[in-house]
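In what follows, a structure is listed as structure tokens, so that the remarks can point back to it.
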Ligand code: SF4
């Protein structure tokens, strides 16, 4: 990418972040689970499901296995049963138990604190070496548990950034995350990630984006294209015609038409 383009992307991301904060504020990052190993479990559970079902699955898992050693010692079938509500239970149980066993084997306990202070690309490479852990999961963990300038891209963020022309239309989650990440301003990775998700859910929906009420319309090529293709309907400024006059105008049989329209439904009308 050329230097001018790089500066352009950074400036556009800064502007998007500013406009979103103007609409939604700067969200609180502390609302997320921050213990790294628990965050890893939570983000594995969040794959291909809704936040509500992810939270239900996580609550049941915590209830059934209150400590990490208890969770690591669970039989796969028990864990599957506990997290079934979140979907893909077999694959997720396998990924969680595999990750815990490997962390225990390599680190002698259930801790990922050694990642703190590690260069971001190295920490990400370590996490994505776990089966079932992709760039999105790794970046969530690195951002929310370690405060690293990682930029997680989920389906909402991908859709919105494509429409904004910030990533190519062919980008996938990982490519978009890695191309945007270095251009997001210091301290903006968390707020921008969370506000783009909120925009994607509430305004820039997959079908029928509500461009007319979007805070990003002024900087969005897709929004401008849609506005041009479907300009807002011209308001009818003719004075409102009273209902009785309209009925008279459509009646073909003189006062009989009005009389029929005015009759109540039921026996009286048939008679
Ligand atoms: Fe999405 Fe429309 Fe907003 Fe662009 S202007 S981000 S297409 S809702």
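Computed from the coordinates by the stated procedures, all read-outs in this text should not be read as laboratory data. None of the values given here were measured: they were computed from a predicted structure. Here Cβ is always computed from backbone atoms with ideal geometry, including for glycine, and neighbour counts include all displayed protein chains.
If a residue counts only when it is farther than 21 Å from residue 35 by Cα and touching a helix residue (DSSP H, G or I) at 6+ places or on another chain (Cβ under 7 Å), which helices (runs of 4 or more DSSP H) contained entirely in the stretch 50-103 have at least 2 such residues? Spell out the reasoning first.
Details: elements: 51-64, 68-72, 76-83.
Ranges flagged: 76-83.
State the number of residues belonging to the stretch 104-129 that are in a helix (DSSP H, G or I) and closer than 26 Å to residue 82 by Cα. Show your work before the answer.
Restricting attention to the stretch 104-129, the residues satisfying the condition of being in a helix (DSSP H, G or I) are 104-107, 113-115, 120-128.
Applying the additional criterion that residues be closer than 26 Å to residue 82 by Cα yields 104-105, 127-128.
Summing the residues that are in a helix (DSSP H, G or I) and closer than 26 Å to residue 82 by Cα in the stretch 104-129 gives 4.
Does the stretch 140-150 include one or more residues that are exposed (fewer than 14 other Cβ atoms within 10 Å of the Cβ) and out of contact with any strand residue (DSSP E or B) (no Cβ under 7 Å at 6 or more places or on another chain)?
Looking for residues that are exposed (fewer than 14 other Cβ atoms within 10 Å of the Cβ) and out of contact with any strand residue (DSSP E or B) (no Cβ under 7 Å at 6 or more places or on another chain), one finds none in the stretch 140-150, hence no.
Residues being farther than 14 Å from residue 191 by Cβ, assigned to a helix (DSSP H, G or I) and in contact (Cβ under 8 Å) with a residue 40 or more places away in the chain: count how many of those fall in the stretch 140-154.
Residues of the stretch 140-154 farther than 14 Å from residue 191 by Cβ: 140-142, 145-146, 148, 153-154.
Subset that is assigned to a helix (DSSP H, G or I): 140-142, 145-146.
Within this subset, residues satisfying the condition of being in contact (Cβ under 8 Å) with a residue 40 or more places away in the chain are 140-141, 145-146.
Residues flagged as farther than 14 Å from residue 191 by Cβ, assigned to a helix (DSSP H, G or I) and in contact (Cβ under 8 Å) with a residue 40 or more places away in the chain within the stretch 140-154 amount to 4.
In the list 60, 75, 64, 54, which residue meets the criterion of being closer than 17 Å to residue 132 by Cα and either under 18 Å from the mean Cα position of the chain (by Cα) or surrounded by fewer than 21 Cβ atoms within 10 Å (Cβ to Cβ) (or both)?
Details: 60 fails: closer than 17 Å to residue 132 by Cα; 75 fails: closer than 17 Å to residue 132 by Cα; 64 fails: closer than 17 Å to residue 132 by Cα.
Every option except 54 fails the conditions.
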